[in-house]
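Below is one structure; the comments refer to it alone.
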Amino acid sequence: MDRVNYDQNDYTWTELPLEMPGKSTATVVADPAGSGQLVGRFMVPDDGESFRAEVHRRRFDWGHYRYAISHYIPSDFARFRYDTIISQWHGYPMQDANGKNVSLNPPIALSVYGADPRWVLNTNLLASTNPPKAATTHHPIDVPIAYDRWNDWVFDITWSRLLADGTVTPGLIVVTLNGQEVLRIAGDNNYHQQWPPYFQMGIYRPNWRAGPNRGPSGGPPVVVYHGNMSVSDLNGCTAASAP
């Protein structure tokens, strides 16, 4: 996935910028399930400095979008007591009273969570603006992770939006896993910035950043496969897709 280029208009994947600190990688490989298709393999080594391997797409306008993506979690997935974020919708840095940029948690993030891994969707809303601070809500998804096969997700998102008159248009997140609706969340769903959140996929372990929760390194690498990614603009525009 080294700067994979897709073409044509504003709603295609004209570029997938890479977020690969340390020795993390993202590569295009054959489907581990044996379909013969090409998929993305993301890997983050447990080397004490690597913590993410992600690509992202910036940016769509406000409105209603459907994001479809499949995740393949291998049975030897490297367990971790905190979050392993594999898909997220991220906001933009905010400034505190001193003009310093502050990056908050993503408004929406899908995680493989815990030493006994389970699906969790985390949502974040703005709790204060000075300093910028987010409040997190955890939404456990009561469907077991299916290992060594594709888990097919659809995120149907209508972004809430702050209008010039101070009112907020209603937002809605509907999450479907393998054809079954598993979550429906109505109300505010982002930080109401100039642009709606942008999409990222791959692997991100926030607690592997340098800090007290980093813990010892030297374990197996984290590997997750991503495939069948598409974004449908339900406001009447075209769809964007990536392998």
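A few notes on this one:
- Residues ARG184 and GLU49, FRET efficiency given R0 of 35 Å [Cβ-Cβ distance, rounded to 0.05]: 0.35
- Options GLY99, PRO21, LEU177, ranked by Cα towards positive dipole end of the range 18-242, top entry (Cβ charges): GLY99
- Cα gyration tensor, the range 147-226 - rounded (a/c under 1.5), prolate or oblate: oblate
- Long-range HN-HN contacts of VAL143 with modeled amide H, under 5 Å: TRP119
- Prolate/oblate/rounded label for the range 110-243 (Cα gyration tensor, a/c 1.5): oblate
- Peptides 217-229, 177-189 ranked from most to least packed by the mean count of surrounding Cβ atoms within 10 Å: 217-229, 177-189.
- A Förster distance of 22 Å, applied to the separation of the beta-carbon atoms of SER103 and ASN235, puts the FRET efficiency at 0.20.
- Estimated at 0.36 nm per residue, the fully extended path between LEU38 and ARG149 surpasses their Cα-Cα distance by 38.5 nm.
- Cα→Cβ-extended label distance, 7 Å offset, between TYR82 and ALA30, nm: 3.8 nm
- Distant-in-sequence amide H partners of PHE60 (H built 1.01 Å from N, under 5 Å): none
- Cα-based Rg of the range 121-168 normalised by 2.2 N^0.38 Å, two decimals: 1.71
- Paramagnetic reach from TRP62 (point 7 Å along Cα→Cβ, amide N under 17 Å) across the range 178-207: 187-198
- Across the options VAL143, SER232, PHE51, the greatest Cα extent toward the positive end of the charge dipole of the chain (unit charges at beta carbon of Lys, Arg, Asp, Glu) belongs to PHE51.
- Summarised in one figure, the compactness ratio Rg/Rh of the range 93-136, Cα atoms and Kirkwood Rh, is 1.14.
- Taking θ as phi - 60° and the Karplus parameters 6.51, -1.76 and 1.60, the scalar couplings of the range 161-178 work out to 9, 7, 8, 4, 7, x, 7, 10, 6, x, x, 8, 10, 10, 10, 10, 10, 6 Hz in sequence order, x denoting glycine and proline.
- Quotient of C-alpha Rg and 2.2 N^0.38 Å, computed over the range 18-242: 1.01
- Net charge of Cβ neighbours under 12 Å - reference GLY171; Lys, Arg +1; Asp, Glu -1: 0
- Kirkwood Rh in Å, taken over the range 17-137 so that all alpha-carbon pairs contribute: 16.7 Å
- Put a plus charge on the Cβ of each Lys and Arg, a minus charge on the Cβ of each Asp and Glu, and nothing anywhere else: the dipole of the chain about its Cα centre is then about 480 debye.
A short reminder: the numbers here are calculations on the coordinates, not readings from a lab. None of the values given here were measured: they were computed from a predicted structure. In this analysis, Cβ positions are derived from the backbone assuming ideal geometry, glycine residues included, and neighbour counts consider all displayed protein chains.
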